[in-house]
Amino acid sequence: MQTAISELLGFVSKVTGNLDQLTIDRVVVKLDQIVLPISRDDALALLSLLPDDGDPAQGLNWTILHGIEACSEWPVWEALNKPQNEWMEILEVRLNNAGTTRP
């Protein structure tokens with residue numbers, strides 16, 4: 001796992017708009033340090049940061065989503081089996097729009 005991602009997981013469990021400004025600033029720094037494409041493990045770790053309710057967190061979760069989509073092994077279908085998670089739904093719709101469907 002990339003150091004930036006493991007450090008990100010070390011101080012935040014979900015990226016939401018309710019984070020204080022200092023934490024948001026730290027998230028931005030770590031997201032900027034991620035090197036694309038990411039590995040499968042990195043993608044799974046970033047998926048864990050996306051809140052169920054689709055909160056964009058001032059756009060940070062769109063950055064996370066784009067990083068996930070840059071995974072060399074994307075899609076990881078078993079990771080998208082989380083019902084009632086708007087981010088998982090968004091990822092699946094984007095895959096379907098790109099012509100990629102579940103096997």
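The values are calculated or read from the model by the stated rules, or taken from the named source; none is laboratory data. Here the structure is a predicted model, which is why all the values come from computation and not from measurement. Cβ atoms come from the backbone with ideal geometry, glycine included; neighbour counts cover every protein chain shown. Heavy atoms of the whole protein, side chains included, go into the accessibility calculation; ligands, DNA and RNA do not. Shrake-Rupley method; radii C 1.70, N 1.55, O 1.52, S 1.80 Å.
Quick notes on this structure:
- The condition (being β-branched (Val, Ile, Thr), part of a helix (DSSP H, G or I) and open to solvent by 30 Å² or more (accessible area, probe 1.4 Å)) is satisfied by just one residue among VAL29, VAL35: VAL29.
- Tallying residues that are over 11 Å from LEU50 (Cβ atoms) and open to solvent by less than 90 Å² (accessible area, probe 1.4 Å) within region 81-93 yields 2.
- Hits in region 57-80 (condition: over 16 Å from THR16 (Cα atoms) and either in a loop (DSSP other than H, G, I, E, B) or open to solvent by less than 20 Å² (accessible area, probe 1.4 Å) (or both)): GLY67, ILE68, ALA70, CYS71, SER72, GLU73, TRP74, PRO75, VAL76, LEU80
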